[in-house]
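Presented below is the structure to which this report refers.
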Amino acid sequence: TTPPPPESATGVTADVYAQLAEDFGIERATTFVVLSSAPGILAPTWALVRESLIAGEGSRTSRQLTALGVSIANRCPFCTDAHTMFLHATGDHALAQRVARGGTPDDEAHARVLAWGKATRVPGGPGLTPLPFSRKHAPAHIGTALAFHFVNRIVSALLTEKILPGNAQRLRPVRSLMGRSLAKTVRRRPAPGASLALLDDPGPGPEWAAGTTVGPAYAALRTAASAGAGLLDEADRALVHQVVRAWRGTHPPLAWGTLPSRHDRPGARLALLAALAPYRITDEDVAAWRTPVHTDHCLVHLVAYGAFTAVDRIERAFPDFGPAGGGVVPRVSCEPQ
């Protein structure tokens, strides 16, 4: 995609960038800029990240470990590097270095949170219980996990693996320096709810997030991402949901028999790759689907739809929590731009 230049942003996109600078510590973070062709996806994505990871209840270190575990499980090097950097920003440099080398945290509580984050990739898997945090802190941790199951897929589909040229962020001094530059922002907890003003009547959200600002943010992302279903015909939507419903958290093999050909069903192929193996999307896959009508706005919506089908599969399989609920399939307008 070719996102609009951030300096040209207006409306809700400009508002998101302003909150990013204030609460995330990174002005115009590429993770969010890449979504700016579709502001309806950008705003709720930011809202869920902000209300769970940044403003949520509990330890920021614990939530960063959750996001890191999710990113490792999803094979997202970009996000893995980013969350390691943010662990440095929390001030626990030894922990950041240990997990960067693939080790297990020395602190048992940290180790259990990291393992739980990894386990969330398997819908309804055995590693989801018992929760390694208090029930009071569950909405923030669950919201963080689901946010990054979505963000990992967006990043893997639409960005490269490199945060810095030459993957310099993987060098210990660079990670530490970047973390220190973010320390002041990361170590404060902004007031919950500021991002909800960017959303259009999102609803209360699922039961596990009841009474928190995480719930409306999750509900808004679910609604926005579901709109991408309108870019597929009924048969393709049915195929995507059938394959994802049967998914058990594994990474698909190279010989993936249920993945349709890019020549016959390019939209279904893109959506399924975004859901289960976004790192395998190629320029050829995108080109096979793109038409003059299918703008960057549409591509972001289609990738978001595929990504969220996997998130929805994971969320609905959490033990002891009710589903987020259903709804009609909305439509995305894709006029030539």
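Before moving on, here are some points about what is shown:
- In the chain, a dipole from Cβ-located charges (positive for Lys and Arg, negative for Asp and Glu) runs towards its positive end, and of CYS76, THR309, ALA94 it is ALA94 whose Cα lies farthest in that direction.
- Grouping the Cα pair distances of the range 230-316 into 5 Å bins from zero gives a pair-distance distribution of 3, 15, 29, 28, 17, 7, 2, 0 percent in increasing distance order.
- Full extension of the chain between ALA115 and HIS241 gives 42.6 nm of extra length, using 0.36 nm per residue less the Cα-Cα distance.
- When +1 charges are put on Lys and Arg Cβ atoms and -1 charges on Asp and Glu Cβ atoms, the dipole computed for the range 12-224 relative to its Cα centre reaches about 660 debye.
- Contour excess over end-to-end distance, with Cα ends at ALA14 and ALA191 and 0.36 nm allotted per residue: 61.7 nm
- Coordinate range along principal axes, alpha carbons of the range 183-255, Å, largest first: 47, 31, 23
- Per residue, in Å², the accessible surface of the chain once ligands and nucleic acids are set aside, probe 1.4 Å: 42
- Peptides 120-126, 71-77, 59-65 ranked from most to least packed, by the mean per-residue count of other Cβ atoms within 10 Å: 59-65, 71-77, 120-126.
- Label-point separation in nm, ALA183 to ALA255, each point 7 Å along Cα→Cβ: 5.3
- With a Förster radius of 30 Å applied to the C-beta separation of ASP107 and ILE26, the computed FRET efficiency comes to 0.65.
- (1) 1.25; (2) 0.93; (3) 1.09, with the label sought being that of the calculated Cα Rg over 2.2 N^0.38 Å: (2)
- Rg(Cα)/(2.2 N^0.38 Å) for the range 59-163, N = residue count: 0.99
The values are calculated or read from the model by the stated rules, or taken from the named source; none is laboratory data. Since we're looking at a predicted model, the values are computed, not measured. Counting neighbours? That spans all protein chains shown, and the Cβs are built from the backbone with ideal geometry, glycine included. Please note that ligands, DNA and RNA were not included when accessible areas were found on the heavy atoms of the full protein model with its side chains. Shrake-Rupley method; radii C 1.70, N 1.55, O 1.52, S 1.80 Å.
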